[in-house]
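Q: Have a look at the structure that comes next, please.
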Ligand code: BGP
């Protein structure tokens, strides 16, 4: 049996994508609350403050805030051992810069964690998942400002202290490396509250913002360990391996350079210092950063206990310009992998890439790993229901079968120390990228459409029963 008996089978979500209740019980406005709906090829926009009728996707989301007891019960019915969600920073510190937390916000997560623990579901908690107080953007310019370190650390400390007896597994920033897309408004804004001005050097901003976040993360890790050595704090990376298109040595070098962009964050989080390739790049590009001696000590003292990562797809790079598509926006869509298919949103489906990611991360860092996101977005509506009243999401089942097979190999044949598997969007929720409901990932269908209409009723899909069997057999019966 490849998986240990306490393997954390479960599912993953993020506060702003499912909770709703965006202005209830003292919650402040977050960056997610000022995003518009977008769509495939149509990026979400950021409005200046909340604009009525524009920002609805995350305001109600799927109303988990009021329905969590029933949802957690459904997760328990599936046999979940773990459930990954995030704490909305704005429920705890509505503006981000106050000194006293909001008790009503803290209580919500106390109740949620109690509900999970009632069913022996282990909470796996991200502190900041594409979300932060909007006030910190308006007043301080988001993570461009060093002051954010203290605000985040205060928030982290309050959470660690309050939930130390309920939450063992933590992660600091969701997909911290996704801000390497800082030129893409969506990623820079949601990850770091950063709006890039024309006169600014994107790389300078990227690394300065990253530095402050890495220091904040390291300080949080150290504090968590001081509060309770039982708490395990990880980083969270979007891990998208990059393949060279050919064995042309120039393609190989390019693929390694592309991987540096992704590994940079893991390198600092796990090793506690900046890698040589980053120092060389900063020197060559004349990037001057505000880094103090104390910061470097903090990075060393706050290395992570494990790596949590999301895996959706791989990408291909080449130096052969004739193979690079010029009519697509997303970097991952520019070069096709002739061996792989893409989903409806252009994401390359590559189960073997998951094994590759596990091998590379495990060899590079020698720390335990946790897959905290993986899955496929599909178009599904109630019209797809079969006579048994269920949506037969066979495509999702096939996707997971193939990925879990590779996960098994990584554990059994490659010796990877894997703690858990938490597929993304285990219940349909608002897509981070498009702001739509239409890109569904769930084992559970939620009745709501892109315009925000629907009963919000929940219904198991066929994959619900399939995943239940997988968990019950500890991954033996796929
Ligand atoms: C990850 C994010 C999630 C999630 C997922 C799917 O990058 O951490 O928040 O949404 O991707 O992305 P999307 O919703 O754009 O399909």
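Q: Residue separation times 0.36 nm, minus the C-alpha to C-alpha distance between residue 50 and residue 457: what's the value?
A: 143.8 nm
Q: Separation between the residue 252 and residue 293 pseudo-spin-labels, each 7 Å from Cα along Cα→Cβ, expressed in nm?
A: 4.3 nm
Q: Further, regarding this structure: Work out, step by step, the length gained on full extension between residue 73 and residue 230: first 0.36 nm times the residue separation, then minus their alpha carbon distance; give nm to one decimal.
A: Full extension from residue 73 to residue 230 adds 53.8 nm.
Q: Related question: Whole Å is fine, so just give me how far the alpha carbon centre of the stretch 222-237 lies from that of the stretch 79-128.
A: So the separation of the two Cα centres works out to 16 Å.
Q: Under the definition of Cα pairs under 8 Å and six or more residues apart, what whole-number percent is the relative contact order of the stretch 167-309?
A: 34 percent
Q: Sticking with this one: Could you order the peptides 323-336, 71-84 from most to least packed, using the average number of other C-beta atoms within 10 Å per residue?
A: Averaged packing, sorted descending, gives the order 71-84, 323-336.
Q: Here's something else I'd like to know. Output the peptides 49-59, 439-449 sorted from most to least packed, where packing is the average of other Cβ atoms within 10 Å over each peptide's residues.
A: By packing density, highest mean first, the sequence is 439-449, 49-59.
Q: Can you give the percent of C-alpha pairs in the stretch 274-349 whose distance is more than 17 Å?
A: The calculated P(r) of the stretch 274-349 puts 67 percent of pairs beyond 17 Å.
Q: Another question, if that's okay. For the stretch 1-145, what does the relative contact order come out to in percent, with C-alpha contacts under 8 Å and a separation of six or more?
A: 32 percent
Q: Taking the DSSP beta bridges in the stretch 8-472 as the whole, what percent of them are antiparallel, to the nearest 5?
A: Restricted to the stretch 8-472, the bridges split so that about 25 percent are antiparallel.
Q: Helix-only estimate, please: 222 nm mean residue ellipticity of the chain, summing -39500 (n - 2.57) across DSSP H runs of length 4 or more and dividing by its residues, to the nearest 500.
A: Theoretical 222 nm ellipticity from helices: -12500 deg cm²/dmol.
Q: How long are the semi-axes of the equivalent ellipsoid of the stretch 292-407, taking √(5λ) for every eigenvalue λ of the Cα gyration tensor, in whole Å from largest down?
A: So the three semi-axes of the stretch 292-407 are 33, 23, 15 Å.
Q: Give the Debye-formula value of log10 I(q)/I(0) at each listed q (0.06 Å⁻¹), with one equal scatterer per alpha carbon of the stretch 8-472, two decimals each.
A: Each listed q corresponds, in turn, to -0.24.
Q: Relative contact order for the chain: what percent, with Cα pairs under 8 Å and sequence separation of 6 or more?
A: Relative contact order for the chain comes out at 17 percent.
Q: A further question follows. Please report, largest first and rounded to whole Å, the three semi-axes of the ellipsoid equivalent to the stretch 57-149, where each semi-axis is the square root of five times an eigenvalue of the C-alpha gyration tensor.
A: Semi-axis lengths for the stretch 57-149 are 29, 13, 13 Å.
Q: How many nm separate the modelled label positions at residue 120 and residue 150, each set 7 Å beyond the Cα in the direction of the Cβ?
A: That separation, rounded to one decimal, is 4.6 nm.
Q: When ranked by the protection proxy of mean other Cβ atoms within 10 Å per residue, highest first, what sequence do the peptides 223-229, 116-122, 289-295 form?
A: The densest-packed peptide leads the list: 116-122, 223-229, 289-295.
Q: Find how much the distance from residue 63 to residue 138 grows on full extension, using 0.36 nm per residue of separation minus their present alpha carbon separation; answer in nm with one decimal.
A: 24.3 nm
None of the figures in this text is laboratory data; all of them are computed from the coordinates on show. Please read all numbers here as calculations on a predicted model, not as lab measurements. Backbone-built Cβ (ideal geometry, glycine too); neighbour counts: all protein chains shown.
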